[in-house]
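The values are calculated or read from the model by the stated rules, or taken from the named source; none is laboratory data. These figures come from a predicted structure and were not determined experimentally. Neighbour counts run over all protein chains shown; Cβ positions are idealised from the backbone, glycine included.
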Amino acid sequence: MKILLPVDGSEFSNHAVDYVIRHMDVLKADVHIHVLNVQRHLAYGRWVGSFVGQEAIKDYQHDEGMAALKPARERLDAAGVKYEYHIGVGDEGEVVARYASEKGCDLICMGTRGMGAVPSLLLGSVATKAIHLSPVPVLLVK
């Protein structure tokens with residue numbers, strides 16, 4: 001079984017990571033976890049890139065992605081769970097659905113809300129979009 005765990009470093013994405021860790025014993029023995037952070041394209045990215053360089057933008061997105069992945073990676077490492085991590089760039093919901101398809105995932109497990117602009121929404125826009133675009137079931141963890 002392959003599980004995609006999209007994370008953004010928020011409390012809600014950490015709940016999804018903890019859920020998977022707690023339920024490893026009921027999952028199939030051969031579980032492969034892909035932890036994904038998605039960085040948005042920078043506003044005015046091409047314009048900014050012409051001044052600071054595209055490599056600087058890529059480095060910035062990588063650094064931000066690694067920072068967002070850190071809590072999930074620490075939790076998985078502490079639990080002894082093997083995983084791969086990835087950083088994508090683009091619209092979060094679209095990238096999550098695309099990664100699930102590309103990696104042959106059987107399930108997406110994600111938090112209900114993240115660090116978006118309107119955190120008070122009951123169901124985050126990334127989760128909503130992932131549900132609509134996903135080729136596989138999406139498990140939302142509150």
Worksheet item: Which pairs have Cβ atoms under 8 Å, sit 6 or more apart or on different chains, and link a residue in the stretch 27-55 that is outside any helix (DSSP H, G or I) and modelled with pLDDT of 75 or more to one that is basic (K, R) and surrounded by 12 or more Cβ atoms within 10 Å (Cβ to Cβ)?
Response: V31/K2; H32/K2; I33/K2; H34/K2; H34/K103; V35/R73
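Listed residues G111, G124; which is modelled with pLDDT under 95 and under 23 Å from D25 (Cα atoms)?
Only one candidate passes the filter, namely G111.
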Response to the item:
Considering the stretch 1-19, residues that are outside any strand (DSSP E or B) and among the aliphatic types (A, V, I, L, M), and then whichever is farthest from H34 (Cα to Cα), we arrive at A16
Practice prompt. Working only within the stretch 84-112, note down all residues that are among the basic types (K, R) and closer than 20 Å to H41 by Cα.
Written response: R98
Worksheet item: Taking the stretch 99-115, which residues are assigned to a helix (DSSP H, G or I) and within 19 Å of H62 (Cα to Cα)?
Response: Y99
